[in-house]
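The values are calculated or read from the model by the stated rules, or taken from the named source; none is laboratory data. If you're wondering where the values come from, they're calculated on a predicted model, not measured in any experiment. Here the Cβ positions follow ideal geometry from the backbone for every residue, glycine too, while neighbour counts run over all protein chains shown. Heavy atoms of the whole protein, side chains included, go into the accessibility calculation; ligands, DNA and RNA do not. Shrake-Rupley method; radii C 1.70, N 1.55, O 1.52, S 1.80 Å.
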Amino acid sequence: MTPGPASAQPPDSDDAILLRYELVDAKGDTILRSSASGEPERIDMTQLPKGWAEAMQAIRPGDRAKIWV
């Protein structure tokens with residue numbers, strides 16, 4: 001994980017977040033990714049799968065992380 005600014009606060013469960021992501025399967029093949037332009041996608045935390053939402057609440061804006069759900 002690459003940390004973002006120490007002063008940044010993690011999102012709450014009802015926040016909207018800007019997120020760049022890539023979902024891959026066990027073989028390493030990409031299943032889904034955010035915008036091909038590289039721009040982050042706005043997502044409401046309430047729309048994320050439970051495990052993914054929990055992970056987002058554990059990281060701060062600007063962090064880069066790999067998560068397995």
Karplus ³J(HN,Hα) for region 49-64 (6.51 cos²θ - 1.76 cosθ + 1.60, θ = phi - 60°; Hz, whole; x = Gly/Pro) runs x, 3, x, 5, 4, 4, 5, 5, 6, 9, 10, 9, x, x, 5, 10
Counting Lys +1, Arg +1, Asp -1, Glu -1, what net charge surrounds Arg42 among other residues with beta carbon under 12 Å of its beta carbon? -3
Å² per residue, accessible surface of the chain at 1.4 Å: 77
Carbon/sulfur fraction of accessible area - the chain, other protein chains in place, 1.4 Å, %: 50
Counting helices only, and only those DSSP H runs with n ≥ 4, report the 222 nm mean residue ellipticity of the chain as the sum of -39,500 (n - 2.57) divided by its residues, in deg cm²/dmol to the nearest 500. -3500 deg cm²/dmol
Around Gln57, under 15 Å between beta carbons, what's the net of Lys plus Arg minus Asp minus Glu among the other residues? -4
Calculate log10 I(q)/I(0) of the chain for q = 0.13, 0.20, 0.22 Å⁻¹, where I(q) comes from the Debye formula with a single equal point scatterer on each Cα and nothing for solvent. -0.37, -0.90, -1.08
For the chain, which trypsin sites (Lys or Arg not before Pro) pass both filters: DSSP loop (anything but H, G, I, E, B) and at most 16 other C-beta atoms within 10 Å? Arg20, Lys27, Lys66
